[in-house]
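Asker: To start, I am sharing the structure in question, which I have written as structure tokens.
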Amino acid sequence: MTVRSTIADVTERIEKRSRASRTAYLDGLERSLDAIRAAGPARRRLPCSNLAHGFAACPADDKQRLAGGEAVNLGIVTTYNDMLSAHRPYERYPELIREEARRLGAVAEVAGGAPAMCDGITQGRTGMEFSLFSRDVIAMSTGVALSHDMFDAALMLGICDKIVPGLVMGALAFGHLPTMFIPSGPMPSGLGNAEKNAVRQANAAGTATEADLLEAESKSYHAPGTCTFYGTANTNQMLMEIMGLMLPGSAFVAPDTPLRDALTRAAVARAIAIAGTGENSLPIGRMLDARSFVNGIVGLCATGGSTNLTIHLIAMARAAGLVVDWDDFSALSGATPLLVRAYPNGKADVNGFRDAGGVPFLVRELRGAGLLHDDALTILGQGLAAYERTPELDADGELVFAETPLASGDETVIRAIGSPFQPTGGITLLTGNLGRAVIKSSAVATAHQAVEAPACVFASQEDFLAAFKAGLDEDFVAIVRFQGPQANGMPELHKLTPALGLLQDRGRKVALVTDGRMSGASGKVPAAIHVTPEASRGGPIGRVQDGDLVRLDVATGRLDVLVPLEEWETRRQAMAEPGIESSDRRLFGVLRRAVGTAEEGATALG
């Protein structure tokens, strides 16, 4: 199946610019594989004392298998905690995985854990400054877990915003190991996202109490599983499926159900099958190539997924020696129709997306139109045909992968390639004299996709909210700066959304321009985010003054301050206001000093 020219051109461009770094990465991977081919699994080369430590806590049968050196040993990297709803179901996974591995003559051990923080809890709090950097910490934690030379393949248990990208980055550091992701699935649908957001705006307007707001939030976020809006966590799951790192149709199956457990057992069987260095082996570092990342970006654009992935996919690609930039996202978005509307791009949640056809329907439509590389490698081998099928249990309770219905189950949620919601994807690159930025255009109504208004400059979202409470009610473009990765870790500024949304509903022309991030749940208000260079690196966003006319235009892809050139070029750069350097903030100071730009993946890991 031939891919469209834009898809092929972008892939070729990535491969060309990445030739040196990808070759160096693959050379290192091959050296690791050569050592394993020559002497067998790394644990065979461990001195006896080392190996004894490696299986000291195992049951006798597992010890015997590991001492013999022939049995496959799966390393589990878990991000379980019982505070984070999406990760709560993982509590029982290790035992389920161990049982299935033993049944199949293999062994599974929890290699280690990685932290999993909840952006929903830390929104608007100091902890949000650590959120992005937690991804690099997770990558390093994953590396620590896999460093013990005990494993033939790895299983990743992770769902949410920084967690999946961090796990991928860490796994790619041990790219000789075949690696699979096992999801936990979304919580049942609760209070609708639109209803919840209405209460948030009412609270911002002073017409709903804190008790009203807590009741609404508690009815929305109410059970184990991922939050049900199509934000970063659920975009991650779509990506892991369309990039071939998990079983087909498994991203959005509900947790703690017979089907979910059957998929987890099947994942164990598949990991055993692709482990080691035999003819069926699929090392993650070889599997994830330019084609895989292009497929992921196409899926992101076709679903109007989270803008956070315009940072995370770049960081993940770099971990595999591949150099991806926002021009690649822009070109692919221009060639990819929007096929999915899930909140905040529509009314349905991810359960509605799943029930209407989900990722298997999406893959079939994109693959059939030549918008995906059908020769990409997946955990099932070469090609994406298997990813067009939907998992279910047959009459005997056995897992089968059935044909996905040809027609959408709900055309307000997902559509066929011939009748898209719009001809281009949901992510737009903006450029101009304010730098480069991205905007989630699929979430913004056409009437609001061009805003020209005076700037109101703020040093933080707290300053903006204080101005709003003091009566700010006019046309303006909010410039919220010194929020980039080097400044304070690039927090999400989701607390701005209710107030800006309320002003937009009142008929005001409002927009946001920031070098920070927005939540994957953000939408509705036009927001040029990830502005690069950031203010702390001398970016032009640091020269904007109150009252400057600013224009954001999705149709033209422009982001400009309309100030006479002579005046603009002589403007002095603003300086960040000195803040209190708390002990917890100092903990991440080394990462702030080393971090790259947003378009480089905002990573301190090189």
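The values are calculated or read from the model by the stated rules, or taken from the named source; none is laboratory data. Just so it is clear, the model here is predicted, and its values are computed rather than measured. Cβ coordinates were reconstructed from backbone atoms using ideal geometry, including for glycine residues, and neighbour counts include every protein chain displayed. Protein only, heavy atoms only, side chains kept; ligands, DNA and RNA dropped before computing areas. Shrake-Rupley method; radii C 1.70, N 1.55, O 1.52, S 1.80 Å.
Asker: With 400, 323 as the choices, which residue is over 17 Å from residue 420 (Cα atoms), touching a residue at least 40 places away in the same chain (Cβ under 8 Å) and either β-branched (Val, Ile, Thr) or in contact with a Cys (Cβ under 6 Å, 6 or more places away or on another chain) (or both)?
Answerer: Working: 400 fails: touching a residue at least 40 places away in the same chain (Cβ under 8 Å).
Being over 17 Å from residue 420 (Cα atoms), touching a residue at least 40 places away in the same chain (Cβ under 8 Å) and either β-branched (Val, Ile, Thr) or in contact with a Cys (Cβ under 6 Å, 6 or more places away or on another chain) (or both) holds for just one of 400, 323, which is 323.
Asker: Another one. Identify all residues within segment 373-398 that are of a type in the set (A, V, I, L, M, F, W, C) and closer than 24 Å to residue 276 by Cβ; write none if there are none.
Answerer: 376, 377, 379, 380, 386 - these are the residues of segment 373-398 that are of a type in the set (A, V, I, L, M, F, W, C) and closer than 24 Å to residue 276 by Cβ.
Asker: Additional query: Among the residues of segment 298-312, is there at least one that is open to solvent by 10 Å² or more (accessible area, probe 1.4 Å), within 20 Å of residue 247 (Cβ to Cβ), not acidic (Asp, Glu) and not in a loop (DSSP other than H, G, I, E, B)?
Answerer: Filtering segment 298-312 down to residues open to solvent by 10 Å² or more (accessible area, probe 1.4 Å) leaves none.
No: segment 298-312 contains no residue that is open to solvent by 10 Å² or more (accessible area, probe 1.4 Å), within 20 Å of residue 247 (Cβ to Cβ), not acidic (Asp, Glu) and not in a loop (DSSP other than H, G, I, E, B).
Asker: Given the criteria in contact with a Cys (Cβ under 8 Å, 6 or more places away or on another chain), at pLDDT 95 or above and not hydrophobic (A, V, I, L, M, F, W, C), does residue 546 qualify?
Answerer: On the way: in contact with a Cys (Cβ under 8 Å, 6 or more places away or on another chain): yes; at pLDDT 95 or above: yes; not hydrophobic (A, V, I, L, M, F, W, C): yes.
Answer is yes for this residue.
Asker: Within segment 362-384, which residues are more than 14 Å from residue 251 (Cβ to Cβ), in contact with a helix residue (DSSP H, G or I) (Cβ under 8 Å, 6 or more places away or on another chain) and among the aliphatic types (A, V, I, L, M)?
Answerer: 366, 371, 372, 376, 377, 380, 384
Asker: It is to be established whether one or more residues within segment 257-276 are within 18 Å of the chain's Cα centre (by Cα), more than 21 Å from residue 74 (Cβ to Cβ), open to solvent by 10 Å² or more (accessible area, probe 1.4 Å) and not polar (S, T, N, Q).
Answerer: Residues of segment 257-276 that are within 18 Å of the chain's Cα centre (by Cα), as a first pass: none.
No; the residues of segment 257-276 include none that is within 18 Å of the chain's Cα centre (by Cα), more than 21 Å from residue 74 (Cβ to Cβ), open to solvent by 10 Å² or more (accessible area, probe 1.4 Å) and not polar (S, T, N, Q).
Asker: Based on this model, can you work out whether residue 436 counts as surrounded by fewer than 24 Cβ atoms within 10 Å (Cβ to Cβ), in contact (Cβ under 8 Å) with a residue 24 or more places away in the chain and in a loop (DSSP other than H, G, I, E, B)? If you could, list the steps in order and put the result at the bottom.
Answerer: Details: surrounded by fewer than 24 Cβ atoms within 10 Å (Cβ to Cβ): yes; in contact (Cβ under 8 Å) with a residue 24 or more places away in the chain: yes; in a loop (DSSP other than H, G, I, E, B): no.
No, not satisfied.
Residues checked against (1) at pLDDT 95 or above; (2) open to solvent by 20 Å² or more (accessible area, probe 1.4 Å); (3) small (Gly, Ala, Ser):
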residue	(1), (2), (3)
462	no, yes, no
467	yes, yes, yes
478	yes, no, yes
489	no, no, yes
492	no, no, no
496	no, no, no
513	yes, no, no
535	yes, no, yes
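Asker: Another question, then. Every residue in segment 60-73 that is within 15 Å of residue 100 (Cβ to Cβ) and either exposed (fewer than 14 other Cβ atoms within 10 Å of the Cβ) or of a type in the set (Phe, Trp, Tyr) (or both), please. Walk me through how you get there before you give the answer.
Answerer: So the first thing to find is which residues in segment 60-73 are within 15 Å of residue 100 (Cβ to Cβ), and the list is 61-62, 65, 71-73.
Of everything in segment 60-73, just one residue is within 15 Å of residue 100 (Cβ to Cβ) and either exposed (fewer than 14 other Cβ atoms within 10 Å of the Cβ) or of a type in the set (Phe, Trp, Tyr) (or both), namely 61.
Asker: Can you tell me which residue in segment 6-26 is nearest to residue 298 (Cα to Cα), limited to those that are open to solvent by 80 Å² or more (accessible area, probe 1.4 Å) and either hydroxyl-bearing (Ser, Thr, Tyr) or free of Cβ contacts under 8 Å to residues at least 40 places away in the same chain (or both)? Walk me through it before giving the result.
Answerer: Step one: filter segment 6-26 for residues open to solvent by 80 Å² or more (accessible area, probe 1.4 Å), giving 9, 12-13, 15-17, 19-20.
Filter once more, so that each one left must be either hydroxyl-bearing (Ser, Thr, Tyr) or free of Cβ contacts under 8 Å to residues at least 40 places away in the same chain (or both): 12, 16, 19-20.
Working: 12: 15, 16: 19, 19: 22, 20: 25 Å.
Residue satisfying both the conditions and the ranking: 12.
Asker: With respect to residue 339, determine if the residue is touching a Pro at 6+ places or on another chain (Cβ under 9 Å) and within 19 Å of residue 441 (Cα to Cα). Working first, answer last.
Answerer: Numbers: touching a Pro at 6+ places or on another chain (Cβ under 9 Å): yes; within 19 Å of residue 441 (Cα to Cα): yes.
When the stated conditions are applied, residue 339 passes them.
A quick yes/no check of all residues on (1) touching a His at 6+ places or on another chain (Cβ under 7 Å); (2) not aliphatic (A, V, I, L, M):
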{"site": "147", "(1), (2)": "no, yes"}
{"site": "152", "(1), (2)": "no, yes"}
{"site": "167", "(1), (2)": "no, no"}
{"site": "185", "(1), (2)": "no, yes"}
{"site": "190", "(1), (2)": "yes, yes"}
{"site": "196", "(1), (2)": "no, yes"}
{"site": "205", "(1), (2)": "no, no"}
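Asker: Of the conditions (1) at pLDDT below 95; (2) open to solvent by less than 30 Å² (accessible area, probe 1.4 Å), residue 347 clears all except one; give me its number.
Answerer: With respect to (1) at pLDDT below 95; (2) open to solvent by less than 30 Å² (accessible area, probe 1.4 Å), residue 347 is out only on (2).
Asker: Of the residues 415, 341, 389, only one is under 19 Å from the mean Cα position of the chain (by Cα), in contact (Cβ under 8 Å) with a residue 12 or more places away in the chain and crowded, with 17+ Cβ neighbours inside 10 Å; which? Spell out how you get there, then give the answer.
Answerer: Values: 415 fails: under 19 Å from the mean Cα position of the chain (by Cα); 389 fails: under 19 Å from the mean Cα position of the chain (by Cα).
None of the others qualify; the one that does is 341.
Asker: Check 76, 36 and return the single one that is in contact with a Ser or Thr (Cβ under 7 Å, 6 or more places away or on another chain) and either surrounded by fewer than 19 Cβ atoms within 10 Å (Cβ to Cβ) or touching a residue at least 24 places away in the same chain (Cβ under 8 Å) (or both). Outline the logic, then answer.
Answerer: Values: 76 fails: in contact with a Ser or Thr (Cβ under 7 Å, 6 or more places away or on another chain).
Every option except 36 fails the conditions.
Asker: Please report, ordered by residue number, the strands (runs of 3 or more DSSP E) entirely within segment 508-606 with at least 1 residues that are among the basic types (Lys, Arg).
Answerer: On the way: elements: 510-514, 527-532, 549-553, 558-561.
Strands (runs of 3 or more DSSP E) meeting the threshold: 549-553, 558-561.
Asker: Can you tell me which of (1) within 18 Å of residue 495 (Cα to Cα); (2) touching a helix residue (DSSP H, G or I) at 6+ places or on another chain (Cβ under 6 Å); (3) assigned to a helix (DSSP H, G or I); (4) of a type in the set (Gly, Ala, Ser) is the one residue 170 doesn't meet?
Answerer: (1)
Asker: Please pick out the residue among 474, 452 that is among the acidic types (Asp, Glu), open to solvent by 20 Å² or more (accessible area, probe 1.4 Å), at pLDDT 95 or above and part of a strand (DSSP E or B). Even if it seems obvious, please write down each step before you answer.
Answerer: On the way: 474 fails: part of a strand (DSSP E or B).
None of the other options fit; the residue is 452.
Asker: Looking only at residues in segment 537-577 that are basic (Lys, Arg) and over 20 Å from residue 430 (Cβ atoms), which one is most open to solvent (accessible area, probe 1.4 Å)?
Answerer: Narrowing segment 537-577 to residues basic (Lys, Arg): 537, 543, 551, 558, 571-572.
In the following step, the residues that additionally are over 20 Å from residue 430 (Cβ atoms) were identified as 571-572.
Details: 571: 29, 572: 208 Å².
Residue satisfying both the conditions and the ranking: 572.
Asker: Could you tell me which residue of segment 79-92 is farthest from residue 179 (Cα to Cα), considering only residues that are open to solvent by 10 Å² or more (accessible area, probe 1.4 Å) and part of a helix (DSSP H, G or I)?
Answerer: We begin by selecting, within segment 79-92, every residue open to solvent by 10 Å² or more (accessible area, probe 1.4 Å); these are 80-83, 85, 88, 91-92.
Those left that are additionally part of a helix (DSSP H, G or I): 88, 91-92.
Working: 88: 22, 91: 20, 92: 20 Å.
Once the filter is applied, the top-ranked residue is 88.
Asker: Working only within segment 198-218, note down all residues that are open to solvent by 30 Å² or more (accessible area, probe 1.4 Å) and either within 25 Å of residue 131 (Cβ to Cβ) or in contact (Cβ under 8 Å) with a residue 40 or more places away in the chain (or both).
Answerer: Of the residues in segment 198-218, the ones open to solvent by 30 Å² or more (accessible area, probe 1.4 Å) are 198-200, 203-207, 209-215, 217-218.
Of everything in segment 198-218, those that are open to solvent by 30 Å² or more (accessible area, probe 1.4 Å) and either within 25 Å of residue 131 (Cβ to Cβ) or in contact (Cβ under 8 Å) with a residue 40 or more places away in the chain (or both) turn out to be 199, 200, 203, 204, 205, 210, 213, 214, 217, 218.
Asker: So, one more: Which count do you get for residues in segment 94-137 that are surrounded by fewer than 22 Cβ atoms within 10 Å (Cβ to Cβ) and assigned to a strand (DSSP E or B)?
Answerer: Within segment 94-137, residues that are surrounded by fewer than 22 Cβ atoms within 10 Å (Cβ to Cβ) and assigned to a strand (DSSP E or B) number 4.
Asker: Separate question: Kindly indicate which of 359, 451 is within 23 Å of the chain's Cα centre (by Cα) and in contact (Cβ under 8 Å) with a residue 40 or more places away in the chain.
Answerer: Details: 451 fails: within 23 Å of the chain's Cα centre (by Cα).
None of the other options fit; the residue is 359.
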